[in-house]
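The values are calculated or read from the model by the stated rules, or taken from the named source; none is laboratory data. Keep in mind it's a predicted model, so treat the numbers as computed, not measured. Backbone-built Cβ (ideal geometry, glycine too); neighbour counts: all protein chains shown.
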Amino acid sequence: MSKLISIFCFFGLLAACHPSPEVIRKVNEITYKQKDKTLTCPQENPVNCAIDTPLSELYDSAINQNKDYVTLLEKGDESLLLRLHMIKSAQKRIDIQTFIWVDDESGHLMLAELLDAAKRGVEVNIIADQLFSMGNTWLLSELATVHKNFNMKLFNPLFNEGHLSPFDFFSAVACCMYNLNRRMHNKLFLVDGKYGITGGRNYNDRYFDWDATFNYRDRDVIAIGNVAQEMQSSFNEFWESPWVVPIENLDDVAYRILNDQKNETDWVIGESKKSRKMVLNSFDYKTIKNLFVNTAIAVDSIEYFSDSPESLFTRSKSKRENYKLMSIKIKDLILSAKDKILLQTPYLVLSKKAYRSLKSLRKNNSDIDITVSTNSLSSTDAFYVYAISFKHKKKYLKKLGLNIFEYKQNPKHKLEMFGEIAENPQTRFGMHAKTIIIDDDVSMIGTHNFDHRSDVLNTESGLIIHSKELVIELRKYIEEDMKPENAWVIAPNKKIPVLSFFSGIIATVSRSLPVLDIWPFRYSSSFDLKEGMPPVSIYHPDFYDNYENVGSFPDVNLSSKQIQTIIISAFAGFAEPVM
């Protein structure tokens with residue numbers, strides 16, 4: 001009983017530490033006074049300080065023709081380049097949403113450019129999820145007071161803090177798992193309500209091909225035209241939400257401001273060759289036009305969908321369904337398929353809704369082709385999630401008839417798909433793109449991972465685009481990711497008479513258990529194409545002659561990772577809904 005009282009006292013003290021309205025008023029007053037109010041651009045005509053952009057011509061064309069344009073952003077360094085150019089060309093407003101913002105080289109470069117835009121007179125608004133962003137209250141205190149045109153808020157800040165210490169995090173796990181698990185996974189980069197980027201990328205070197213150890217094979221898309229207004233409306237809903245809190249009103253940041261504790265960052269771009277080169281190229285009108293305007297596709301129709309922040313906190317099931325727009329649209333997309341579905345996701349752990357939709361589709365159309373490009377254990381950034389996928393391989397192959405291709409950590413095409421860092425032989429690469437292609441004319445590019453977390457625990461966003469031309473381009477990239485030199489194919493192990501039959505029965509029972517899934521013989525393995533042999537389907541009679549069984553975890557040298565994957569698959573199936 002005394003322990004229970006102690007716990008209540010502890011969390012009562014936490015609540016008591018929240019600043020009072022009077023303290024908040026004082027902090028806001030200090031923040032306003034400390035914010036730099038100088039402007040580098042004459043305010044009688046501030047747009048003159050923005051650089052010219054070829055995107056504006058494309059926007060005018062889109063409005064005049066009532067036809068939106070899109071351009072795929074496949075390479076990370078090019079996606080960063082476009083963002084920097086858009087910041088420099090911004091005239092009135094920049095709105096950003098992200099799940100992760102790390103103050104590494106690319107993250108710092110973005111902040112420096114955004115601050116420069118704010119000093120020109122551009123309103124800069126940033127919403128980041130609290131859990132994995134900044135991680136430094138000294139930096140947050142500085143950003144809260146850096147300039148009058150620079151505004152930052154955090155989504156669902158646990159304990160009303162800007163940064164969770166390890167103790168705070170484990171306290172949240174113990175007391176507040178419901179709140180801890182509700183996260184904003186949206187990604188949006190919107191300039192002047194005209195051009196918007198969405199997709200998988202956060203603000204961290206590994207999303208822009210700048211990390212020396214691990215980089216993501218990711219995908220963004222820039223949309224230009226009327227659809228940008230849908231993006232603007234979604235951003236505004238989050239900005240005004242009570243679940244999104246100004247950083248200066250967070251307990252630990254407010255304490256820093258009251259005690260004049262903050263970073264004093266030199267926001268001039270540093271001596272890094274990469275940063276200097278990227279900034280220089282962002283001014284190049286011709287380069288931007290060649291990369292992003294000349295390659296733009298006029299689409300037949302396009303819609304931006306975003307879950308409402310209310311979807312995570314309402315207790316009403318009917319209201320929650322109305323707020324979770326992305327999951328509903330994805331279900332509708334899947335059920336509309338007639339011939340084929342091509343799915344790319346970093347985590348093949350299908351939500352109940354996605355699994356049932358695919359199962360229904362397979363039942364009604366046994367010939368439909370459903371192909372998935374995803375991570376292997378060697379390429380994933382989350383082996384514990386791969387462990388759950390590993391547990392469900394038989395179900396995905398037998399009941400859904402999926403064709404599964406798992407990305408290699410050292411793909412042969414890396415020099416074509418990544419920046420200069422791909423030349424480093426020590427760098428690993430992993431899948432992070434989230435895309436669905438339905439038949440030959442509809443695609444979805446966004447943040448949704450098609451798992452339980454995306455369905456229920458996160459807010460997600462994305463574009464649903466009707467365009468045969470875009471589908472052709474998307475297929476080209478995803479099919480490249482699935483080529484034998486870049487991915488292993490997952491297939492049933494070659495059957496051994498009698499033994500395979502009884503092993504299969506035991507395995508089916510074992511895999512259905514949330515715990516004690518300990519039967520060691522797996523239904524499937526990874527297969528690599530033998531040299532000189534032609535690729536064939538896993539259902540082709542020559543498959544086992546053409547492919548070599550390379551085991552469950554090819555190209556994984558860390559035995560501890562293999563062991564942990566097997567253990568999680570065996571004993572932690574119950575944790576699937578929160579992964």
With at positive phi and out of contact with any Cys (no Cβ under 6 Å at 6 or more places or on another chain) as the only criterion, which of Asn125, Asn66 stands out?
Asn66
Restricting segment 22-53 to residues that are touching a residue at least 40 places away in the same chain (Cβ under 8 Å) and among the basic types (Lys, Arg), which is farthest from Lys119 (Cα to Cα)?
Lys26
List every residue pair whose Cβ atoms sit under 6 Å apart, with the two residues 6 or more apart in sequence or on different chains, where the first one lies in segment 160-178 and is over 17 Å from Leu140 (Cβ atoms) and the second, anywhere, is at pLDDT 75 or above and surrounded by 11 or more Cβ atoms within 10 Å (Cβ to Cβ).
Ala172/Leu158; Ala172/Leu180
From the option list Ala112, Ala90, single residue qualifying as within 29 Å of Lys26 (Cα to Cα) and of a type in the set (Gly, Ala, Ser) is Ala112
Ser560: hydroxyl-bearing (Ser, Thr, Tyr), outside any loop (DSSP other than H, G, I, E, B), at pLDDT below 95 and surrounded by fewer than 15 Cβ atoms within 10 Å (Cβ to Cβ), yes or no?
yes
From the option list Phe429, Phe450, Phe418, single residue qualifying as on the phi > 0 side of the Ramachandran plot, aromatic (Phe, Trp, Tyr) and either at pLDDT below 95 or crowded, with 19+ Cβ neighbours inside 10 Å (or both) is Phe450
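Each row is one residue, and each column tells you yes or no for (1) acidic (Asp, Glu); (2) assigned to a helix (DSSP H, G or I).
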position: Asp211; (1), (2): yes, no
position: Gln232; (1), (2): no, yes
position: Glu248; (1), (2): yes, yes
position: Ala254; (1), (2): no, yes
position: Lys262; (1), (2): no, no
position: Asp266; (1), (2): yes, no
Just to verify a result, which residue in segment 9-44, among those that are over 16 Å from Asp252 (Cα atoms), part of a loop (DSSP other than H, G, I, E, B) and at pLDDT below 80, is nearest to the chain's Cα centre (by Cα)?
Gln43
Would you mind finding the one in Ser443, Ser454 that is in the same structural domain as Asp332 (by TED's automatic domain parsing), under 22 Å from Ser234 (Cβ atoms), small (Gly, Ala, Ser) and under 14 Å from the mean Cα position of the chain (by Cα)?
Ser454
Within segment 279-296, the residues that are among the polar types (S, T, N, Q), surrounded by fewer than 20 Cβ atoms within 10 Å (Cβ to Cβ) and in a helix (DSSP H, G or I) are Asn281, Thr287, Asn290
Is it true that Leu80 is assigned by TED's automatic domain parsing to the domain that holds Lys262, closer than 30 Å to Met417 by Cα and either free of Cβ contacts under 8 Å to residues at least 24 places away in the same chain or touching a Ser or Thr at 6+ places or on another chain (Cβ under 8 Å) (or both)?
yes
Selection from segment 380-408 of residues surrounded by fewer than 19 Cβ atoms within 10 Å (Cβ to Cβ) and modelled with pLDDT under 95 yields Asp381, Ala382, Tyr384, Lys394, Lys395, Lys398, Lys399
Exactly one of Leu80, Leu55, Leu115, Leu131 is under 20 Å from Asn204 (Cα atoms), of a type in the set (A, V, I, L, M, F, W, C) and buried (at least 23 other Cβ atoms within 10 Å of the Cβ), and that residue is Leu80
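Yes/no per residue for (1) hydrophobic (A, V, I, L, M, F, W, C); (2) surrounded by fewer than 23 Cβ atoms within 10 Å (Cβ to Cβ):
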position: Asn160; (1), (2): no, yes
position: Phe169; (1), (2): yes, yes
position: Ala172; (1), (2): yes, yes
position: Leu180; (1), (2): yes, yes
position: Lys194; (1), (2): no, no
position: Gly200; (1), (2): no, no
position: Asp211; (1), (2): no, yes
position: Phe214; (1), (2): yes, yes
position: Ser241; (1), (2): no, yes
How many residues of segment 514-530 are at pLDDT below 95 and charged (D, E, K, R)? The answer is 2
Report yes if some residue within segment 312-335 is in contact (Cβ under 8 Å) with a residue 40 or more places away in the chain, in contact with a His (Cβ under 8 Å, 6 or more places away or on another chain), charged (D, E, K, R) and farther than 25 Å from Tyr477 by Cα; otherwise report no.
no
